[in-house]
Amino acid sequence: MVTMCKNNSRESAYSGGFIPLQNCIDLIGLSPAIGYYSYTKRYAKLKAENMKKLVFKILRYSGLPFLFREIFQRNKVSILLFHDISRETALQTFNYLKQNYNILDLNDFIEASENKDYSKIPQKALIITFDDAHIRNYEILPVIKELKIPITIFSCASIINTNRHFWFMFKDESISTSQLKKESTKDRLEILSKVGFKQEKEFPNAQALQKKQIDEMKHFINIQSHTLFHPCLPKCSFDEAKEEIFKSKEILENEYGLNINAIAYPNGDYSDRDIQITKDSGYKCGITVDYGFNTHQTDVYKLKRLSVNDTDNIDELIVKASGMWAFFKTRNGRRQPYGYTKHTVN
Ligand SMILES: [Zn+2]
């Protein structure tokens, strides 16, 4: 859409006396200033990106990721978090991880925890997980088949196989996602409905995997629960949280023929109440985004994960997969914006 402004000063070549915004800018001589502003903004962004790349390259070759892997990760289980990566990134990423870690099936870890027998857990064990079941996850299926590695995708039972959208991906200038995460589920949905988003609304396109894709993927990929609609669980009432945790398991098992034993808490937010509901609903583990590695002492309903930010930069992947990035970030006084919440909505 072309933005227009009213031109009264001279005869307009455009119908109705309106000319495009760019022409208005030219008329009052603002073009060079705006051009310079957007150039410097682009330049600053590019500079920051290059700086970030340089930082990861220096960190990678500093040898620290190697030390983290060989010392801190050696006798622990790391769980990595991805969301939505391309086939090319998946191939590069999984090839690196396969060469440098022992990729472990989440089910094998759950079994070892249940039996308290960790003898089969290899050193530098790493579990690959994806949250949300984004529709592009289907593209990584050939990579999984080729590399023969186990991965787990956490899906929202009431968003998959529909054209419903993830509320946190809905963009409106008047609302901030981080602010919405602080609201109760009822208030969040009310605010969103005022700007045209409803969690049951069917949009023209799908954001999450469809049943046909899941039916094909489930033979190679472990698909587990990420609730129904991706709420912030501590911001749900007891009944809402119960429905989200319990019913998602039921739907995924009954309608998709899956065996659901794990849940990833949406946004990584959870409370004691949510853990209790998770246990009562029959899950065998719960996965957070709390920083850290897992051992046989880790509470299986508070498993820790490392986010690698869906990067296609191999230096960044190496640094983040080793855990050193999150290690320094969380010890830097920068608290994680998610995690354990003491208070829940009643
Ligand atoms: Zn999620």
Of Lys57, Lys201, Lys304, the most mobile residue in a GNM of the chain (C-alpha springs, cutoff 10 Å) is Lys201
So Asn259 and Leu54, fully extended at 0.36 nm per residue minus their Cα-Cα distance, gain in nm 69.4 nm
If His296, His219 are placed from fewest to most neighbouring beta carbons inside 10 Å, the sequence is His219, His296
Surrounding charge for Arg87, neighbours by C-beta under 14 angstrom, Lys/Arg +1, Asp/Glu -1, total -4
Among the Cα-Cα pairs of segment 52-112, the proportion with separation greater than 17 Å, in percent, is 57
From the Cα centre of segment 75-138 to that of segment 207-224, the distance in Å is 17
Residue separation between Ser176 and Ile71 times 0.36 nm, minus their alpha-carbon distance, gives in nm 33.8 nm
Projecting the Cα atoms of Gln213, Asn259, Ser86 onto the charge dipole of the chain, where Lys and Arg contribute +1 and Asp and Glu -1 at Cβ, the residue farthest towards the positive end is Ser86
A correct fewest-to-most ranking of Glu88, Glu316 by other Cβ atoms within 10 Å would be Glu88, Glu316
Expected max-MSF residue from Gly292, Gly257, Gly268 in the GNM of the chain (alpha carbon, under 10 Å) is Gly257
A convex hull over the alpha carbons of the chain yields, per residue, a volume in Å³ of 181
Per the 1/(1 + (r/R0)^6) rule, R0 = 45 Å and r from the Cβ atoms of Asn205 and Ser119, FRET efficiency to 0.05 is 0.40
Relative contact order in percent for the chain (Cα pairs under 8 Å, 6+ apart) equals 19
Cα-based Rg and Dmax for segment 43-83, in Å, come out at 14.3, 44
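Read-outs: derived from the displayed coordinates by stated rules, not from any lab. The model shown is predicted, which means the values in this text are computed figures rather than measured ones. Cβ coordinates were reconstructed from backbone atoms using ideal geometry, including for glycine residues, and neighbour counts include every protein chain displayed.
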